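Take a look at the structure set out below.
Computed from the coordinates by the stated procedures, all read-outs in this text should not be read as laboratory data. Remember, predicted model here, so these are calculated numbers, not experimental data. Neighbour counts run over all protein chains shown; Cβ positions are idealised from the backbone, glycine included.
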């Protein structure tokens with residue numbers, strides 16, 4: 001991927017990030033749990049091998065494992081700075097996870113064709129520019145086995161004025177809950193403005209089109225709440 005394609009919020013540590021997200025986006029826990037539920041509904045009780053891109057603090061990892069007792073996860077992130085947070089959060093569930101520090105596209109590029117049952121991501125794809133995002137989606141499709149699943153819980157822009165209203169709500173939420181941390185507030189608002197740049201903004205309609213371009217069958221949103229959505233796509 002190109003230089004600077006990933007933009008993280010490095011101004012806080014993992015535990016503080018979780019605490020802030022719980023305040024500004026109180027629905028996120030249910031959102032991540034739904035991601036794990038969607039995987040369970042697709043695969044049932046059988047053993048599955050999942051690649052998770054951008055495991056962060058391990059919240060989505062835990063939601064997947066809680067809902068899928070037969071799942072094993074290869075969790076990758078470009079920075080393992082929050083690995084200890086993730087491992088503490090997971091407890092014994094960490095026995096079903098292999099953590100790897102890697103660029104997502106490079107990691108997937110090393111995988112053989114059709115080598116995992118599912119790929120899951122949460123709040124990662126929106127950080128990429130449109131060109132790198134499509135490259136990654138194509139690699140995801142190649143790595144998933146026929147009958148497998150791609151699930152992404154992320155920010156998906158609606159057509160205006162819906163997007164602008166949702167963005168304004170999120171900005172106001174940051175200002176409300178981060179008023180005592182001006183340094184963090186500045187960093188997070190900058191991040192949101194970067195997400196809205198024309199070559200980065202992940203529009204819902206474009207996302208569905210990119211999934212179809214990569215070869216996925218029946219890409220669709222199974223959940224929406226303002227600026228966020230849960231997108232599911234299958235490989236036939």
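Cut-off 10 angstrom, C-alpha nodes, Gaussian network model of the chain. Which of 176, 145, 62 fluctuates the most?
176
Among 97, 12, which comes first, second and so on when ranked by fewest other beta-carbon atoms within 10 Å? Show your work: numbers first, answer last.
Details: 97 24, 12 18.
Going from least to most buried by this count: 12, 97.
Which distance in nm do the two modelled labels at residue 183 and residue 106 give, with both placed 7 Å along the Cα-to-Cβ direction?
Using points 7 Å along Cα→Cβ, the separation is 3.0 nm.
Determine, for 119, 200, 222, the number of other Cβ atoms within 10 Å of each Cβ, and report the residues in order from fewest to most.
Ranking 119, 200, 222 by Cβ neighbours within 10 Å, fewest first, gives 222, 200, 119.
Mind checking which of 77, 160, 172 has the largest fluctuation in a GNM of the chain, springs on alpha carbons under 10 Å?
Evaluated over the chain, the most mobile residue of the options is 160.
Can you tell me the length gained on complete extension of the stretch residue 30 to residue 224, counting 0.36 nm per residue apart and subtracting the Cα distance?
Extending this stretch completely gives an extra 68.6 nm.
Among 214, 122, 19, whose mean-square fluctuation peaks in a Gaussian network model of the chain (Cα, cutoff 10 Å)?
Looking only at 214, 122, 19, the biggest GNM fluctuation is shown by 19.
Over all directions, the average projected area of the alpha-carbon convex hull for region 127-214 comes to how many nm²? Mind showing how you got there, number by number?
On the way: hull surface 26.8 nm².
Mean orientational projected area (region 127-214, Cα hull): 6.7 nm².
Could you please rank 105, 116, placing first whichever residue has the fewest other Cβ atoms within 10 Å of its Cβ?
Arranged by neighbour count, lowest to highest, 105, 116 become 105, 116.
Once you put a point 7 Å from the Cα of residue 176 and another 7 Å from the Cα of residue 113, both along the Cβ direction, what distance in nm separates them?
5.1
Starting from 0.36 nm per residue, how many nanometres of slack lie between residue 196 and residue 98 once their C-alpha separation is accounted for?
Here the segment from residue 196 to residue 98 would lengthen by 32.0 nm.
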